[in-house]
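Below: the structure, in structure tokens.
Rule-based calculations on the coordinates, nothing more; no lab input. Everything quoted here is computed from the prediction, not taken from an experiment. Quick reminder, even Gly has a Cβ in these numbers, built from the backbone with ideal geometry, and neighbours come from all protein chains shown.
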Amino acid sequence: MDFQTIKIVLALAAPFLLATLWAVIHASQKEFGSLREKVLWMMVAAIPFIGFLIYLIFGFRKGKKMGEIHE
């Protein structure tokens, strides 16, 4: 592989890596119904390329911010 190809691959993969890292960190900072559910969402968010999309669509609004009053 030449240097140009490596740059293109990295440029295409970097946004997915950053989005995946963001989703895993975001899930770790939320309170879900149980620890099991939290770990499940963190694992889903860590799936390369599509995990962050699944988390954004289905899991993003499920959890509550840590320290938020539950009424």
All positions within the stretch 1-48 that are over 11 Å from the mean Cα position of the chain (by Cα), closer than 22 Å to residue 67 by Cα and of a type in the set (Ser, Thr, Tyr): 34
Answer from 35, 56 - the residue that is closer than 20 Å to residue 14 by Cβ and not hydroxyl-bearing (Ser, Thr, Tyr): 56
Scan of the stretch 1-48 for residues that are over 14 Å from residue 59 (Cα atoms) and in a loop (DSSP other than H, G, I, E, B), ordered by number: 1, 2, 48
Given the residues 14, 45, which is the only one that is without any contact (Cβ under 8 Å) to a residue 12 or more places away in the chain, surrounded by 10 or more Cβ atoms within 10 Å (Cβ to Cβ) and hydrophobic (A, V, I, L, M, F, W, C)? 14
I'd like the full set of residues that are over 9 Å from the mean Cα position of the chain (by Cα) and either assigned to a helix (DSSP H, G or I) or more than 18 Å from residue 19 (Cα to Cα) (or both), limited to the stretch 49-62. 57, 58, 59, 62
Here the qualifying pairs (Cβ atoms under 6 Å; residues six or more apart or on different chains; first in the stretch 55-66 and under 14 Å from residue 34 (Cα atoms); second among the acidic types (Asp, Glu)) come out as 63/31; 64/31; 66/31
